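Reviewing the structure listed below.
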Amino acid sequence: QQLSLQERLRLKEEKKKQAALMKALETPEEKRARRLAKKEAKERKKREKMGWGEEYMGYTNTDNPFGDNNLLGTFIWSKALEKKGISHLDEKDLKERNKRIQEDNRLELQKVKQLRLEREREKAMREQELEMLQREKEAEHFKTWEEQEDNFHLQQAKLRSKIRIRDGRAKPIDLLAKYISAEDDDLAVEMHEPYTFLNGLTVSDMEDLVEDIQVYMELEQGKNVDFWRDMTIITEDEIAKLRKLEASGKGGPGERRDGVNASVSSDVQSVFKGKTYNQLQVLYQGIESKIRAGGPNLDIGYWESLLQQLKAYMARAR
């Protein structure tokens, strides 16, 4: 059963009183025997600390096979003390001096250990930095390789376009790439507004063109991006118009057209025709505001359709 703190204190106090009473009542012989037993227990503990084996534990200064009257005392090398100039110190001062030396050594070892740990941390940080630099170098190398590969594919695409134009079998994407390129001036091709290259194309042809434009946008990595986006808007607008014609039965699937503006209604032409890009932009913002404002009598479908056609007009104007 575990005792409470108060009970433990009470038992300790009673034990202390009993010891004091025994000391007061003991005879001089008992007192000497008690002190001797205490001293022997202290010496035994000291020997254990010094690393003595069990067979040497019973040795004393007077009873030992070595004839050493100072067996249990601290060994003092007098000549070494004289050489250091400290032979005048008594045993107590020597012990204190040894303690100070041990403490200094302990602190020195602690410093050495701290320095070693610091060096290990610095080494680990250097290795981490080197590893990070290596990763960055590899990423940069891979990026350069990717750019070189994209450039190679772009040059190959331009070369194929050049050959098709020269042989008279140019695709729409070849003519658009030629229009935007400033390096192929040696090719004798009459240049028109780029959206005129859509004349006579079928829905399938224009869908292929949209895919080809996406390939060029990826290969050129942001170069001429506005041009390619405008051509995508114009082409998708023409695809939508052709599909409306097919749905209304005025044109069969894949039917070719006479002109890019053949399906534009007269009211849209009257609103957009002859306006500059900036004027069209102001008109676009006005239609957007009208749609956002809404209203019970507003034909949202009409205005959204008008806005979609206006995008294509703006792309052409730009």
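Pairing residues of segment 220-249 that are under 30 Å from Q155 (Cβ atoms) with residues that are of a type in the set (G, A, S) and in a helix (DSSP H, G or I), at Cβ distances under 7 Å and at least 6 apart in sequence or on separate chains, gives D230/A315; I233/A312; I233/A315; I234/A312; I234/A315.
With the condition kept exactly as written, say whether any residue in segment 198-220 is closer than 17 Å to Q308 by Cβ and modelled with pLDDT under 85. Within segment 198-220, one or more residues are closer than 17 Å to Q308 by Cβ and modelled with pLDDT under 85. Taken together, the residues in segment 202-216 that are surrounded by 18 or more Cβ atoms within 10 Å (Cβ to Cβ) and without any contact (Cβ under 8 Å) to a residue 24 or more places away in the chain amount to 0.
For segment 128-143, filtering for residues that are among the hydrophobic types (A, V, I, L, M, F, W, C) and modelled with pLDDT of 85 or more leaves 3. Against the test of being at pLDDT below 70 and closer than 26 Å to I239 by Cβ, the options Y284, Y302, Y277 yield a single qualifying residue, Y302.
Among the listed residues H153, H141, which satisfies the condition of being of a type outside the set (F, W, Y) and touching a residue at least 24 places away in the same chain (Cβ under 8 Å)? Spell out how you get there, then give the answer.
Details: H141 fails: touching a residue at least 24 places away in the same chain (Cβ under 8 Å).
None of the others qualify; the one that does is H153.
The values are calculated or read from the model by the stated rules, or taken from the named source; none is laboratory data. These figures come from a predicted structure and were not determined experimentally. Heads up, the Cβs are rebuilt from the backbone with ideal geometry, glycines too, and the neighbour counts pull from every protein chain shown.
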